[in-house]
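The values are calculated or read from the model by the stated rules, or taken from the named source; none is laboratory data. These numbers come from a predicted model, not from an experiment. Positions of Cβ are backbone-derived with ideal geometry, glycine not excepted, and every protein chain shown enters the neighbour counts. Areas reflect the complete protein model, heavy atoms only, side chains present, ligands, DNA and RNA absent. Shrake-Rupley method; radii C 1.70, N 1.55, O 1.52, S 1.80 Å.
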Amino acid sequence: MRTSCLITNYNYRQYVGEAIESALAQSRPFDEIIVVDDASTDGSMDVLRAAYGTNERVRLLPLDRNRGQMAAFVAGFEASRGDVVFFLDADDCFLPPYVEQVMEAYDRADSPDFVWCGYARIGAEGGLDQPWRRDRDVGNSVLLAYYRLARRGGPTSTLSARRWVLDAVFAASDPEDWRIAADFCVVQGAG
């Protein structure tokens, strides 16, 4: 299965390079890394072009105007070719075995269509956010999502999904409704 990493950036010039480097450093390399810049005003695109403009593994996709997180998700998704799509915020990083470990779940015979994981917070609010100590199937998320009883998922950088799932989610979503917190829409829609 081909893998795509979608990094969305809006005015995170000081962090986006570290996010890209973490995607490039995976023990199971991404087939493609797409960085969508949502018309940053902090010089992000200049930094990105200088550092990654000739890197064959990184594709830069600048948007003509600021349209919000969902529009950036959709633009990156439409430019991608992966069977499994991973999301990464410009101010987050993946640990080197992340893709390898997540793809082990997708490669199983009883593989999921949507995966999220725990994550480590750094800075003043440091700590580990890990809802369960081991992998588990929460197949009941369909009913929970339908009846809006629970959101089964995590923040953007913990999410990945099969292409057909995201195709359905993005087709049913209005980017204007999700300028921010588009990860909620992906989680709810994947359920």
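The selection criterion, being at pLDDT 70 or above and surrounded by fewer than 13 Cβ atoms within 10 Å (Cβ to Cβ), holds for Ala109. Checking each residue of region 63-85 against the condition of being open to solvent by 70 Å² or more (accessible area, probe 1.4 Å), at pLDDT 95 or above and polar (S, T, N, Q) gives no match. In summary, Arg151 fulfils each of the numbered conditions (1) modelled with pLDDT of 80 or more; (2) within 18 Å of the chain's Cα centre (by Cα) with the single exception of condition (1).
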